[in-house]
Amino acid sequence: MNRSQRAILASRAAIAIAATIAGLAHAEDAPTPGGLQLEEVLVTATKRSESLQSVPVSVTALTAGVLERGNTRELGDLVKLSPGLTISYDSQPGNFAISMRGIGTFSNGIAVESDVAVVVDDVPYGFQAAAFQDLIDVDRVEVLRGPQSTLFGKSAIAGVLNIVTAAPTHEWTGKASVLATNDSEKRGSFTVSGPLSDTVRVRLTVSDSDYDGNVKNITTGRKVNGSSGLTATGKIEWTPTDNLTFSLAPRFNRNESTCCASPLTSLTPGLFYQGEPGFPASTVLAGIPIGPGNHYIRNDTRPAGGDTKTTGATGRVDYHFDDGSFMKGHSFSSITSIDHWRMFDYQDIDGLDAPFLLGFPVSAPSGINSGAAIRGYFHEKSYTQEFRLTSPDDTRLRYVTGLWFARNDLDRYLGRGPVLQQASYLAKTSNENYAVFANATYDLTEKFGLVAGLRFNKQKIDYTFDNYNVTPNAHFGGANQENSVTGKGGIQYKWTPDIMTFATYSTGYKGQAYDLVSTFNARVASHMPVPHETAKNYEVGLKSSLFDRRVYFDLTLFHSDFYGFQTSVTQTLPDGTFLTSLNSVGHLKTQGVEVDTAAKVTTNFQLNGSLAYTEATVAEFPNGPCYNNPSQTLAQGCYVDATNSKVQDLKGKPLNNVPKFKFNVGGEYDQPLGSLPFTGFATFAYRWQGRVNYSLSQDPRTFQGSYGIADFGVGINDNNGHYKVTAFIDNAFDKNYATGIGNGPAGFNAPGVIPLGTSWRPARDSFRYFGARIDVSF
């Protein structure tokens, strides 16, 4: 963005916010009936506890009440409550990706960092795929949008999901919850918390879940596209003195997922699998009602998914300097974590229950009595250490500064075959990061303040890659290191005690990467590593509390430029195999508007909502990918480059999986039931998003139109707070929608016929379902 464009953006933002302030200031003077107030929300977006309405950051805070009302059970459910958040799903859970404002890394390789960091109790996941598990005992989720590299490091170039779990209580409490649905989802959990002595407190939460799925495998008679898992977390806190606290938080998760089935939604009639006359589509796909909304497949093995296990723990020491110290009011924290994540993944890549390899290839059949599949594993070990110093809250200069160290060791084995795009490799990578950071706010006056932050990071990264699919085995290796500096600067102004505006400029950085996937060879190795990714971000925002805190209204306007964006581009081969290669996109830009609001309408009625308008486009990518064209002719705008690859100039094209407009609104109405010892309640939630394309190549067959999803619930609450019963219906109007759409005939073809086909990945709530939940507290 040049100087004139920034000036136009700034002027428009100033006009919009000035007009909004004028209206809000007038509204603030209006009388407040009944003194109704929303609960004040505290967040740790700046690594210190502050009011949501005073933090100069675009953040959506999802409290425990909002999460419970929305039946939020796992990480993927958060997209229903935060419209600036998007999740891209792939053929197995190791390749899922989280995006903010349209920016997120999609890669099948282990040596590519994420763009969005997932942080739980101040500890980031070392590998983003490990974060896709059940959310239990969560007190708050903070969705921080835009580059957060200064405080949260280089894997936060596009944003942060900051998850805060509940702390041990000073009195004994407990809670048990069960949930069941008509489509066979079952969940149960319990929490117990309290003091073991005057100085020791503990908390334990265990959760078990099981969901068969919403796709039927005709061959086995079993459902897929579901998961089952067991999660356990614990916390123990010891406070030997008033100003010293030790804590230990062990964790365990086991999950078995059949997440990634892609049923066919269209296919040209009269085709044969891989052109083999003995395997016509009419036979090998018998019983599958191919068409929109199809949720049937035929697989002789588990279709696709992964079995994971996570173990780890966080140790923490917090010391608060007393009034007699020269560091009066300061706090020092040491946070140490260790985690080990493992996943065994699988995929039936032919998507059939027929032994097609008996006749493949047609010219010289292999005679192997089976189909083709992928088997592999991921291992990840991570260690982090942070030392942090936090200043007092009641001074003009408030700051956080610290030191950071992290080491991640990852390895990935993949075997694909025994015939059909054979591959066998073992990739290993390690990265170490050392950083020093500081973030501060200085009040020049009671109303006007400065915001500044700086981070210096040193990264070391190495890899080895062994290709077992060639003779002799090919071995590659390498190492690199790089330093980076990111920062943040801005101003904030308090027009009234309850209305604040801010303007900030921040930068982001994500380190070098290696493309460690099945297409890795000597040519790819010679071009490694893929260069780092950087970002520049401009924000103007408003935070307001109105009508004596009956209404929260937050508004942010943003413009971001990303340079050297790292992303994998998927190619569908004629035999139906998906291959990816890592690209460095020259320049992306994203800009838009974000709104978060909440209102206490009456004593019994509360609303919350969010809105995101996002324009995410390619500014420079002259050699972008072309989509699969079954006629074998060049698609419009594509050409063949010097390497004989089909490419196109994607300048000005929208990014994939980024709807321009998304919003959600939800609420709860409580009604006392006369003399009965209960309170009745009703809840609703509605979310809507605009048209979206799931392919960066702008494939016209992977567009999805706009849609809206409505959820409703009713129930009763015991007036003493001992139990709660809820009945709910999700996707009440049965609106089918996809989390991804594929273009390709899935390996089917026939002589003289142009084969066409599409498939989709249905979400958990792509079909209407209903259920009940019981919560018991003691």
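Quick look at the values:
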| read-out | value |
| --- | --- |
| Pick from segment 336-379, criterion charged (D, E, K, R) and farther than 30 Å from V123 by Cα, ranking: surrounded by the most Cβ atoms within 10 Å (Cβ to Cβ) | D350 |
| P755 vs. criteria touching a Gly at 6+ places or on another chain (Cβ under 9 Å), farther than 20 Å from A180 by Cα and surrounded by 17 or more Cβ atoms within 10 Å (Cβ to Cβ) | yes |
| Residues within segment 267-281 that are outside any loop (DSSP other than H, G, I, E, B) and over 12 Å from G747 (Cα atoms), tallied | 0 |
| Elements of type strands (runs of 3 or more DSSP E) contained in segment 177-256, each with 1 or more residues being out of contact with any Pro (no Cβ under 9 Å at 6 or more places or on another chain) and surrounded by fewer than 17 Cβ atoms within 10 Å (Cβ to Cβ) | 185-195, 200-211, 222-224, 227-241 |
| Single residue of V725, V776, V714 found to be at pLDDT 95 or above, surrounded by fewer than 18 Cβ atoms within 10 Å (Cβ to Cβ) and touching a His at 6+ places or on another chain (Cβ under 8 Å) | V776 |
| Looking only at segment 63-89, and only at residues there that are outside any helix (DSSP H, G or I) and crowded, with 23+ Cβ neighbours inside 10 Å, the one that is farthest from the chain's Cα centre (by Cα) | G70 |
| Of all residues in segment 694-744 being in a strand (DSSP E or B) and among the polar types (S, T, N, Q), the one that is nearest to G666 (Cα to Cα) | T726 |
| Sole residue being in contact (Cβ under 8 Å) with a residue 12 or more places away in the chain and closer than 30 Å to K175 by Cβ, chosen from N656, N664 | N664 |
| From Q636, Q671, residue being within 26 Å of G747 (Cβ to Cβ), exposed (fewer than 14 other Cβ atoms within 10 Å of the Cβ) and among the polar types (S, T, N, Q) | Q636 |
| Test: residue in segment 413-433 that is under 30 Å from F321 (Cβ atoms) and within 27 Å of the chain's Cα centre (by Cα) | yes |
| Within segment 301-335, considering residues that are in contact (Cβ under 8 Å) with a residue 40 or more places away in the chain and assigned to a loop (DSSP other than H, G, I, E, B), the one surrounded by the most Cβ atoms within 10 Å (Cβ to Cβ) | P303 |
| Cross-chain or 6+ apart pairs with Cβ under 9 Å, segment 91-106 first and over 26 Å from R416 (Cβ atoms), then crowded, with 24+ Cβ neighbours inside 10 Å and of a type in the set (K, R) | M100/R145; R101/R145 |
| Single residue of segment 614-628 satisfying the filter (in contact with an Asp or Glu (Cβ under 8 Å, 6 or more places away or on another chain) and not in a loop (DSSP other than H, G, I, E, B)) that is surrounded by the most Cβ atoms within 10 Å (Cβ to Cβ) | G624 |
| Residue count for segment 336-353, restricted to those that are modelled with pLDDT of 90 or more, among the small types (G, A, S) and assigned to a loop (DSSP other than H, G, I, E, B) | 0 |
| From the options G402, G329, residue that is modelled with pLDDT under 95 and either over 25 Å from the mean Cα position of the chain (by Cα) or more than 27 Å from L151 (Cβ to Cβ) (or both) | G329 |
| Single condition L444 does not satisfy, out of (1) among the aliphatic types (A, V, I, L, M); (2) touching an Asp or Glu at 6+ places or on another chain (Cβ under 9 Å); (3) farther than 16 Å from G109 by Cβ | (2) |
| Selection from segment 462-500 of residues that are in contact with a Pro (Cβ under 9 Å, 6 or more places away or on another chain) and surrounded by 18 or more Cβ atoms within 10 Å (Cβ to Cβ) | Y463, T486, K488, G490, Q492, M500 |
| Top-ranked residue of segment 558-595 - restricted to ones that are modelled with pLDDT of 75 or more and β-branched (V, I, T), ranked as farthest from I741 (Cα to Cα) | V595 |
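Conditions (1) in contact with a Ser or Thr (Cβ under 7 Å, 6 or more places away or on another chain); (2) over 21 Å from E386 (Cβ atoms); (3) surrounded by fewer than 24 Cβ atoms within 10 Å (Cβ to Cβ); (4) in contact (Cβ under 8 Å) with a residue 24 or more places away in the chain, marked per residue:
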residue: S114; (1), (2), (3), (4): yes, no, no, yes
residue: V118; (1), (2), (3), (4): no, no, yes, yes
residue: D122; (1), (2), (3), (4): no, no, yes, yes
residue: L135; (1), (2), (3), (4): yes, yes, yes, yes
residue: D139; (1), (2), (3), (4): yes, no, yes, yes
residue: R145; (1), (2), (3), (4): yes, yes, no, yes
residue: S149; (1), (2), (3), (4): yes, no, no, yes
residue: I157; (1), (2), (3), (4): yes, no, no, yes
residue: V160; (1), (2), (3), (4): no, no, no, yes
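The values are calculated or read from the model by the stated rules, or taken from the named source; none is laboratory data. The model shown is predicted, which means the values in this text are computed figures rather than measured ones. Every residue, glycine among them, receives a Cβ derived from its backbone with ideal geometry; neighbour counts consider all protein chains shown.
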